[in-house]
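For reference, the structure I am asking about is given below.
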Amino acid sequence: MSQFLFDRLPIELIHSIFNYLLANDIFYALFNLSPYLDFIITNYDRYYLNFKSCRRSQFDFVCRHIRPDQVVSLTLSDANDTPDQSQLFFSYFKDIEHFVQLRSLRIIQIDKNSLKPLCIGLSQLKLLSSLEFTQVHSVSEQFNNVIVQLFPQLNRLILYDARHLTANTTTTHPFSRLRHLTLGECWFVHLQRISHLAPNLTSLDINVQESTTWPVLNYDQIPPQSLIRLILNIETKGNDDLCDSLRWQMLVSHLKIFNFKFKLFLQLSNDKQQELLSSFSNPFWIVEKHWFIVCNQYEIYSVPRFAETSACESFLPPIYRTVSNERLFYDHIFTLVLNKIDEQQLLADHHRFPHVRVLLLAKHLSLDTLRSLVDLSQVQYLKASLETFVQLADNMPRLRELALSSLSLNGLKTSGYEQIRILHLDKINFIGKNDEKRLFHMFTRVERFYVHGEMQSRRQMARFINGFHFLSYGSFEFEWLTTARFVLAYGSKLIRT
């Protein structure tokens, strides 16, 4: 649609379209196209800002043009591909409290230097109802206090560390608005307090990690009766009590969704595994709830929630399971590694993995063989030789990330592959100038570039930085500098980590 036709749409309809788009895309694609669109964009006040893996140029453009009071949802990330993003954000917006319309805030791996300015303004966000913190590198008393102050107004909370949940929480008033709680690292003491702190929970997702064994189940650990969804992953080793299907049936009969994964203290014999399967195969689990489990020597878990997501060519479904349909396990594989490949055996097994997103190929396979194994149109990440990539590229429309294990082409003609935005060179021993030029010609839209292995020189690193014109992030390893690693950071500076 041309900008003239788009200009003819009424404001209300354009606002409805904006409801399905991120602010990043709206500003970057539509701003400065026409005065009419600029008026609509600058007056719209329900923007969703997601800066995770955002290019620096797009980040700067949006921050220069958007107002804090237009944002209802914000995601910031100091992850490896956007280092120092939070500091840059606070150089544009001094105080988070100016985001007065903010309903949802998601913080990913925030830098400790940005934690203080964030904490200062968080308590002023009166409309905030959804909060997510993952992997906070530095936990302070100030941070804990701010989180606790926000609890009473939150509807949804995701914390990487459950210590924030109970730190200094001496309040006698329960967090009655909280409906959805996810805890990345939880201990028994936190689990026992959840019913008291949040009696109206409807969804609880927790990961219990502790050096001691899981205690015998008792009713102090019963989830709130309001709960309808429970995801329970116990990383510590538990007693046989964890496998008591009848007791679990009493504890969770009111739930609509119950998924669990328990590590077991003692190794289970084949007879014991079969006994467990029988106990979880009664009508309550299979007919009424449609809850299916798998057990092996050391753990018992729900499927498909905790089914394996990665596989190699020798993959087989679990033997001890309460679900008969093997396709469930093949459908749940998202990463497929094909190393020691027996092509004839693969074809004879008639197994197919229809939802593979990550495909790793150690040797060449014919296109027909791969099509019989994988839906290539679903693949988003490929690790293979350059020759294999060239032969497969036209069949992978969603491929965005490529890891090259070899740069040999054996006479194949190449063209440009603009869909590749993330490129890895995986431990390639030698990269000559002709190889460099070929890469620049083939991958003209690369935004993130990684060299896993030895770089010849800093000059070569500079050639890569200059050769990929859209590069916003680069990671280079120099083994001759005691495996020092240089990173072209989000702030357009070179830092050593």
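What follows is calculated from the coordinates using simple rules that are stated; it is not laboratory data. Quantities reported herein were computed from a predicted structural model and do not represent experimental measurements. For neighbour counting, all protein chains shown are included, and Cβ atoms are generated from backbone atoms with ideal geometry for every residue, glycine included.
For the range 431-447, take each phi angle, set θ = phi - 60°, evaluate the Karplus expression 6.51 cos²θ - 1.76 cosθ + 1.60, and give the result in whole Hz per residue in order, putting x for glycine and proline.
10, x, 5, 5, 4, 4, 4, 4, 5, 4, 6, 7, 10, 7, 10, 5, 10
Give me the net charge of ASP95's neighbourhood, meaning all other residues with Cβ under 14 Å from the Cβ of ASP95; Lys, Arg count +1, Asp, Glu -1.
Details: positive: ARG67, LYS94, LYS116; negative: ASP69, GLU97.
Result for the neighbourhood of ASP95: +1.
Please give me the summed charge of the neighbours of ASP78: other residues whose Cβ is under 9 Å from its Cβ, Lys and Arg +1, Asp and Glu -1. Please list the in-between numbers first.
Working: positive: none; negative: ASP84, ASP111.
Local net charge: -2.
Only counting other Cβ atoms within 10 Å, I'd like ARG106, ARG438 sorted with the fewest neighbours first. Spell out each step's value before the answer.
Numbers: ARG106 19, ARG438 15.
Starting with the residue having the fewest Cβ neighbours, the order is ARG438, ARG106.
If you average the C-alpha positions of the range 430-471 and of the range 19-52 separately, how far apart do those two centres end up, in angstrom?
Cα centroid to Cα centroid, the span is 34 Å.
Here is a follow-up. How large is the helix-only mean residue ellipticity at 222 nm for the chain, computed as the sum of -39500 (n - 2.57) over DSSP H runs with n ≥ 4, divided by its residue count, in deg cm²/dmol to the nearest 500? Intermediate values should be presented prior to the final figure.
Working: 18 runs with 147 residues, N = 497.
Mean residue ellipticity, 222 nm, calculated: -8000 deg cm²/dmol.
Would you compute the Debye intensity of the chain from its alpha-carbon atoms alone, equal scatterers and no solvent, and pass along log10 I(q)/I(0) at q = 0.13 Å⁻¹ to two decimals?
Computed log10 I(q)/I(0) values: -1.40.
To the nearest 20 Debye, how big is the dipole of the chain about its Cα centre, given +1 on the beta carbon of each Lys and Arg and -1 on that of each Asp and Glu? Walk me through the numbers before you get to the answer.
Details: 51 positive and 48 negative charges, 206 e Å.
That gives the chain a dipole magnitude of about 1000 debye.
Which residue, LEU404, VAL71, PHE329, has the largest displacement toward the positive end of the dipole of the chain when charges sit on each Cβ (Lys, Arg +1; Asp, Glu -1)?
The listed residue farthest towards the positive side: VAL71.
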